[in-house]
1. Considering only A:Lys66, A:Lys20, A:Lys41, give the residue with the highest GNM mean-square fluctuation for chain A, with springs between Cα atoms whenever their separation is below 10 Å.
2. What percent antiparallel are the DSSP beta bridges of chain B, to the nearest 5?
3. So what are chain B's ellipsoid semi-axes, whole angstrom, largest first, if each one is the square root of 5 times an eigenvalue of the alpha-carbon gyration tensor?
4. What's the ranking of B:48-54, A:24-30, B:70-76 by average number of surrounding C-beta atoms within 10 Å, highest first?
5. Give me a comma-separated list of calculated 3J(HN,Hα) values for the range A:76-92, in order, Karplus coefficients 6.51, -1.76, 1.60 applied at θ = phi - 60°, integers in Hz, x for any Gly or Pro.
6. Which residue fluctuates most in the GNM of chain A (Cα springs below 10 Å): A:Pro40, A:Pro86, A:Pro98?
7. Share of Cα-Cα pairs in the protein assembly as shown beyond 22 Å, in percent?
8. Tally the DSSP beta bridges in chain A and give the antiparallel ones as a percent, rounded to 5.
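We did not get these values from a lab; they are worked out from the coordinates using the rules stated. All figures in this text were calculated on a predicted structure; none of them were measured in a lab. Ideal geometry is used to build each Cβ from the backbone, glycine not excepted, and the neighbour counts take in all protein chains shown.
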Amino acid sequence: GAVVSQHPSWVICKSGTSVKIECRSLDFQATTMFWYRQFPKQSLMLMATSNEGSKATYEQGVEKDKFLINHASLTLSTLTVTSAHPEDSSFYICSAGPGLAGRETQYFGPGTRLLVL
Amino acid sequence: QKEVEQNSGPLSVPEGAIASLNCTYSDRVSQSFFWYRQYSGKSPELIMSIYSNGDKEDGRFTAQLNKASQYVSLLIRDSQPSDSATYLCAVFYFGNEKLTFGTGTRLTIIP
């Protein structure tokens, strides 16, 4: 299957700092990538759809100025959590797929665990 | 009604038995159906994809799709303790351009 990587896998930061998370498709090109957040013992929550060369599409209730997404190339999308606060502590996961639209098989990255102190 | 529904469980199955996981979805133009496995603290891992009515087998796993009844299921034969995880059902709806996930079913295989 296709491989998606994320970096870093863990990050601990102080409240008020910004954190950047990278998502890369290693063996395929992805015009679309997805960013999810998951709190302990809860379901995956889609935050936004990252589109190469254009603005991201955010889900209802997700602050676009808080969670900045940049999809600068066909293999890289970044999520920046700006002015992070303890309530932003969560497991952030990206996904991407090489398939045609309408039959999208999504592969998930290993996730990034964020702890804001 | 939620678009993709799963019994949250927990579902407990003895080792060696068949585990049956079910998922129902709303009546929209659906294209593709997926089962993911998520171990505690890890990201989801793709197990099976199915696009057409009927059964699709891959090793100990069988996915079943019935579009008329709007359900998709996953059977795990010869269940092993390593199969203990949360199983997520996902549907790709035409025109939606993203996967819609169920809340997941927590499966425990009892040795």
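1. Among A:Lys66, A:Lys20, A:Lys41, the largest mean-square fluctuation in the Gaussian network model of chain A belongs to A:Lys41.
2. Values: 39 of 43 bridges.
Percent antiparallel among DSSP bridges in chain B is about 90.
3. The three semi-axes for chain B are 23, 15, 12 Å.
4. B:70-76, A:24-30, B:48-54
5. With the stated coefficients, the range A:76-92 comes to 9, 10, 10, 10, 10, 8, 8, 6, 5, 10, x, 5, 7, 4, 5, 9, 9 Hz.
6. Comparing A:Pro40, A:Pro86, A:Pro98 in the GNM, the peak value goes to A:Pro40.
7. I get 52 percent for the Cα pairs in the protein assembly as shown exceeding 22 Å.
8. 90
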